[in-house]
Amino acid sequence: MDLETFAPGSGRLEPRAALRSDAPALDLGGLWRFRLSPVADAPDDFARPGFDDSAWDELRVPAHWPLHGHGAPAYTNVSYPFPVDPPHVPDENPTGDYRRAFDLPDGWRGGRLRFDGVDSFARVWLNGHELGFSTGSRLPVEFDAGPWLRPGRNVLAVRVHQWSAASYLEDQDMWWLPGIFRDVTLTRSAADVFVHAAHDGRLSFEAAEGLLSIPELGVRDLAPGVEITVEAEPWTAETPRLYEAVLTTPHETARLRVGFRTVSVEDGVLLANGRPLLLKGVNRHEFHPDHGRAVPYETMREDVLLMKRHNVNAVRTSHYPPHPAFLDLCDELGLWVVDECDLETHGFGQVGWRGNPTDDPRWADALLDRMRRMVERDKNHPSVIMWSLGNEAGVGRNLAVMAGWTRERDPSRPLHYEGDWSCAHTDVYSRMYATHAEVEAIGRGEEDPLDDPALDARRRAMPFLQCEYAHAMGNGPGGLAEYQELFERFPRLAGGFVWEWIDHGLTDPRHEYAYGGDYGESVHDGNFVIDGLVFPDRTPSPGLLDLKKVFEPVRFEFGEGVVRVVNRHDFRDLAHLAFEAVVEDDGLEGARFPLAVPPSGGEVQLPALPPPPDGAGERWLTVRATLTGDQPWAAAGHELAWSQTRLPSPALPAAAGAGVRPQTSGGRLRLGGGEFDPRTGRLLRLFGLDVEGPRLDLYRAPTDNDRYGGLDRKWRQLGLHRLTHRVAGIETGDGITVRTRVAPAATDLGMRVTWTWTATSGSLNLSVDVEPEGEWPAPIPRLGLHLLLPGELGHVTWFGRGPGEAYPDTGMAARVGRWHAAIDDLQTPYVRPQENGHRADVRWAEFGGTGPGGFRVHGDPMFGLTARRWSTAELTAARHRPDLVPGDHVHLHLDLAHQGIGTATCGPGALPRYDLRPARATLRLRFTPA
Ligand code: GAL
């Protein structure tokens, strides 16, 4: 049957541009009748207009049926969820039958039925007549409805199969979600146009009929094929200047927005409008936790706004053309777009690429069809600067077919494809997850040569981009700043796109958000689908906040009494920004003043500052760049960039008070505000609060990067999650000295730890000296202390970096200041629980509750702070957030160091400089009552 045909469709009209036309149109979205069958060959008598569908369910269009009670979603990354047996598909083939009656307005004649997206194989009948079938889930298709439309009532019937031969072309890493998931329209528009508008004002267009006008530019009734030059402001993502254009044909008036811009490659550098272009990008899948890829317009808009507000300037539409409205938003609000074809055959990689459609001529039409439908639909968007042939589809002759047609149809845009490193069919050299070292080598033009000298020479002349890097799965990604530094250093490097924008967690009552395996799939890839910069509800993750910092379009450099402001926009100056400086002493504001920065940037003198208050502690200067006025993507006052520097301030006097010696009473050792167990030397009470600890802690609940990168396996082999503690001796004198040896079972590796407690009348001091014994084979997750506090200590105020989490190679967004949070709000809600919430470089932290009790811990000089209502073991065991149940205590971690985060789920682990290698170390703390 033609489910297993290589042909992409039948009965379809030629693809054309997405346009806004005044021709009449009927939106056929809304409630349809729906029936799901487990197999493909249920009777198709339902297509008859008189068929009685009253017993069927109702299903909204657009939507995916598994998200509305019919069947279930399923997630795989690379694997096909069916045998690799092209072009055949399983007999078990969920098939959705759709019916909808609609009334034609009086006098209506002719028209096209347009489907903007049906996943995956659709056969369409109008009034019982079969119009044809189509594949290509994320691509539009039109059928001529004219001959079969009748006055008054009409009946449209669609049969949608989840699996067909075309499923082999749609192996993207995402949920398998069948259904009519984009709009369905009956339209009388038939116009098509291809506008060419260059940044130097050259303007022309192609169309079978019609005249083009751009009233704002004085262009009236331009004929197709005639080139004129106008005075237009160029379009860039920073300055998305659009002009309303009107195409008038004898039958309709169609509108589109034109942006004048040029993309080119010169001397191996990617240029926009003749200037180097640095892509600060993200990969965006279409996703909504309730609606899957049937993304509401407001959500698309929210994506673009969030990207803009986080200094993102580019998006790769991984791995298929998005809803057409998304590209309108990119034109309007300003994002550079790599538009990617709906093609991925990654699962063939698991069978040695045998039978890969990319290299099989029988599939050539289907692949070309996909490319044509994308290019024709999206060709007028100034935001689209590159066409991508697809993702992870291996290599083969059909790439040449796709590229050949595209070059002829649209020579104005470079071609992208990552799957063929020879770059035989592309204009840019693109890779994913290359290490920093390799990116640097490519930046220098020192990459490993290709075997074919001609291809090698061609590739060496290409700009380089990372279409995917920094895998934002769970806690992380680490290494962002180091990538950006390389992208900015070498002109050949055009930047890249972080993988990926959003966690694809589906709303689920049991799990809060579901991932692979939660629907009982027999083949699945777990939480690999949870790897975004925003959580499923689009709350920015710490990774996105870091990315915003790394992508800042303004840089500050501090000197003696001056700050140098550097404009890092590609196309605009700083005139739209206001600058100010804030001085804080121990985190409390002491002064605030505007900075007069010239539009081109430069050195600015700082005014004389008021002297710091007595005994105030550290003094910090923060400078900020904010929007002076509202922009379409953010309100006035929105902060784009900031930086900090520490200013000189008088040293704090050493903690005062006479020395205190330990005493024994009531079976306890007492020192300062502390009460200790005389046998174990362990602290039991602190300033009247029941506490327990501190103990040495070397383990953390593994991050996704720790797990997938293999570090956690080593840590568990070592036994770092099951340390034992032996007291080797306790001495009292001026203070209390406790010697312990901390080690896991079954090894002679261990840590000698000396705990030295001293006190003055006002404080209890602790010095922890750690000395590793033996040859430690790997970096360790953390080096710190664990302490149990009473649960009522629910709040913490700290002076250090915040407000969010930070690890050695993350946390660029965390600035020095005085912060306050409830313990419950210190947790970062990663969909799959893991280490999170560490606050870095803390000088002091004060814990309190609703009652009077509390204490402050001071670092000498600093410590890392984590506090949560569950243990590391509970955090490790949790699979979903509801598995985490608050206990009676607060688990306080005071760390000297953490292992870096890296991005080993895909890509390199932490850079060596962020490895935590066991070595002698000392952590000094001082406790005072609050
Ligand atoms: C890439 C792929 C993406 C995604 C990522 C891992 O290889 O292109 O679609 O699977 O790996 O999250």
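Given the residues SER412, SER430, which is the only one that is part of a loop (DSSP other than H, G, I, E, B) and in contact with a His (Cβ under 9 Å, 6 or more places away or on another chain)? Result of the check over SER412, SER430: SER412. Residue pairs whose Cβ atoms lie under 6 Å apart, sitting 6 or more positions apart in sequence or on different chains, and linking a residue in region 753-766 that is within 16 Å of THR680 (Cα to Cα) and surrounded by fewer than 22 Cβ atoms within 10 Å (Cβ to Cβ) to a partner that is modelled with pLDDT of 95 or more and of a type in the set (D, E, K, R), are THR754/ARG739; THR754/ASP769.
Does GLY811 meet the test of being out of contact with any helix residue (DSSP H, G or I) (no Cβ under 9 Å at 6 or more places or on another chain), small (Gly, Ala, Ser) and buried (at least 19 other Cβ atoms within 10 Å of the Cβ)?
When the stated conditions are applied, GLY811 does not pass them.
When region 273-315 is filtered for residues that are assigned to a strand (DSSP E or B), more than 16 Å from the ligand (Cβ to nearest atom) and more than 19 Å from ILE180 (Cα to Cα), the ones remaining, listed by number, are ARG275, PRO276, LEU279, LYS280, ALA314. Here is the figure for region 448-502: residues that are under 22 Å from GLY909 (Cβ atoms), of a type outside the set (Gly, Ala, Ser) and not in a strand (DSSP E or B) total 12.
Would you call GLU589 in a strand (DSSP E or B), more than 27 Å from ASN313 (Cα to Cα) and out of contact with any Pro (no Cβ under 8 Å at 6 or more places or on another chain)? Taking the combined requirement at face value, the residue satisfies it. With ALA72, ALA17, ALA55 as the choices, which residue is within 17 Å of ASP183 (Cβ to Cβ), small (Gly, Ala, Ser) and in a loop (DSSP other than H, G, I, E, B)? So the residue among ALA72, ALA17, ALA55 that is within 17 Å of ASP183 (Cβ to Cβ), small (Gly, Ala, Ser) and in a loop (DSSP other than H, G, I, E, B) is ALA17. Kindly establish whether VAL401 is among the hydrophobic types (A, V, I, L, M, F, W, C) and either within 15 Å of the ligand (Cβ to nearest atom) or assigned to a loop (DSSP other than H, G, I, E, B) (or both). Considered against the rule, which asks whether it is among the hydrophobic types (A, V, I, L, M, F, W, C) and either within 15 Å of the ligand (Cβ to nearest atom) or assigned to a loop (DSSP other than H, G, I, E, B) (or both), VAL401 comes out as no. Considering ALA122, ALA101, the condition of being in a strand (DSSP E or B) and surrounded by 24 or more Cβ atoms within 10 Å (Cβ to Cβ) is satisfied by ALA122 alone. Take the conditions (1) among the acidic types (Asp, Glu); (2) farther than 29 Å from GLY71 by Cα; (3) within 16 Å of the ligand (Cβ to nearest atom); GLU485 misses just one of them, which is (3).
Among the residues of region 497-516, those identified as within 16 Å of the ligand (Cβ to nearest atom) and either more than 12 Å from VAL831 (Cβ to Cβ) or crowded, with 23+ Cβ neighbours inside 10 Å (or both) are PHE497, VAL498, TRP499, GLU500, TRP501, ILE502, ASP503, HIS504, GLY505, TYR515.
A quick yes/no check of all residues on (1) crowded, with 17+ Cβ neighbours inside 10 Å; (2) within 31 Å of the chain's Cα centre (by Cα):
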| position | (1), (2) |
| --- | --- |
| ALA840 | yes, yes |
| THR872 | yes, yes |
| ARG879 | no, yes |
| ASP895 | yes, yes |
| THR928 | yes, no |
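What's the total number of residues in region 220-232 that are loosely packed, with under 15 Cβ neighbours inside 10 Å and either of a type in the set (Val, Ile, Thr) or within 15 Å of HIS196 (Cα to Cα) (or both)? Residues flagged as loosely packed, with under 15 Cβ neighbours inside 10 Å and either of a type in the set (Val, Ile, Thr) or within 15 Å of HIS196 (Cα to Cα) (or both) within region 220-232 amount to 7. Within 16 Å of the ligand (Cβ to nearest atom), modelled with pLDDT of 95 or more and touching a strand residue (DSSP E or B) at 6+ places or on another chain (Cβ under 9 Å): does that describe ALA472? Judged against the criteria, ALA472 is a match. The residues on offer are ARG220, ARG241, and the sole one that is more than 16 Å from the ligand (Cβ to nearest atom), over 29 Å from GLY532 (Cβ atoms), over 28 Å from the mean Cα position of the chain (by Cα) and of a type in the set (Lys, Arg) is ARG220. Looking across ASN567, ASN527, one residue alone is without any contact (Cβ under 8 Å) to a residue 40 or more places away in the chain and either crowded, with 20+ Cβ neighbours inside 10 Å or more than 15 Å from the ligand (Cβ to nearest atom) (or both). It is ASN567. Taking ASP420, is it in contact with a strand residue (DSSP E or B) (Cβ under 8 Å, 6 or more places away or on another chain), part of a loop (DSSP other than H, G, I, E, B) and of a type in the set (Asp, Glu)? The answer is no for ASP420. If you filter region 321-376 down to residues that are of a type in the set (A, V, I, L, M) and assigned to a loop (DSSP other than H, G, I, E, B), you find that the one that is nearest to the chain's Cα centre (by Cα) is LEU335. Taking region 685-770 and the strands (runs of 3 or more DSSP E) fully enclosed by it, no element has 1 or more residues that are touching a helix residue (DSSP H, G or I) at 6+ places or on another chain (Cβ under 6 Å) and among the basic types (Lys, Arg). In region 640-659, the count of residues that are surrounded by fewer than 13 Cβ atoms within 10 Å (Cβ to Cβ) and at pLDDT 95 or above is one or more. Determine whether LEU270 is more than 28 Å from PHE115 (Cβ to Cβ) and either assigned to a strand (DSSP E or B) or in contact (Cβ under 8 Å) with a residue 12 or more places away in the chain (or both). Yes; evaluated as a whole, the condition is true for this residue.
Checking each residue in region 34-81 for being surrounded by fewer than 18 Cβ atoms within 10 Å (Cβ to Cβ), farther than 30 Å from GLU344 by Cα and touching a Phe, Trp or Tyr at 6+ places or on another chain (Cβ under 7 Å) picks out ASP45, TRP56, ASP57, GLU58. If only residues of region 333-353 that are acidic (Asp, Glu) and either within 12 Å of the ligand (Cβ to nearest atom) or touching a Lys or Arg at 6+ places or on another chain (Cβ under 8 Å) (or both) are counted, the one that is farthest from ASP171 (Cα to Cα) is GLU340. Would you mind stating whether PHE326 is within 16 Å of the ligand (Cβ to nearest atom) and out of contact with any Ser or Thr (no Cβ under 6 Å at 6 or more places or on another chain)? The answer is no for PHE326. Of the numbered criteria (1) surrounded by fewer than 18 Cβ atoms within 10 Å (Cβ to Cβ); (2) modelled with pLDDT of 95 or more; (3) farther than 17 Å from LEU894 by Cβ, the one THR680 fails is (2). Looking across region 148-202, the residues that are in a strand (DSSP E or B) and within 16 Å of the ligand (Cβ to nearest atom) come down to GLU170, MET174, TRP175, TRP176. Being under 20 Å from TYR699 (Cα atoms) and not in a helix (DSSP H, G or I) holds for only one residue in ARG917, ARG856, ARG926, and it is ARG917. Of ASP734, ASP769, ASP748, all but one fail to be farther than 20 Å from LEU923 by Cα and in contact (Cβ under 8 Å) with a residue 24 or more places away in the chain; the exception is ASP748.
The values are calculated or read from the model by the stated rules, or taken from the named source; none is laboratory data. All values reported here derive from a predicted model rather than from experimental measurement. Backbone-built Cβ (ideal geometry, glycine too); neighbour counts: all protein chains shown.
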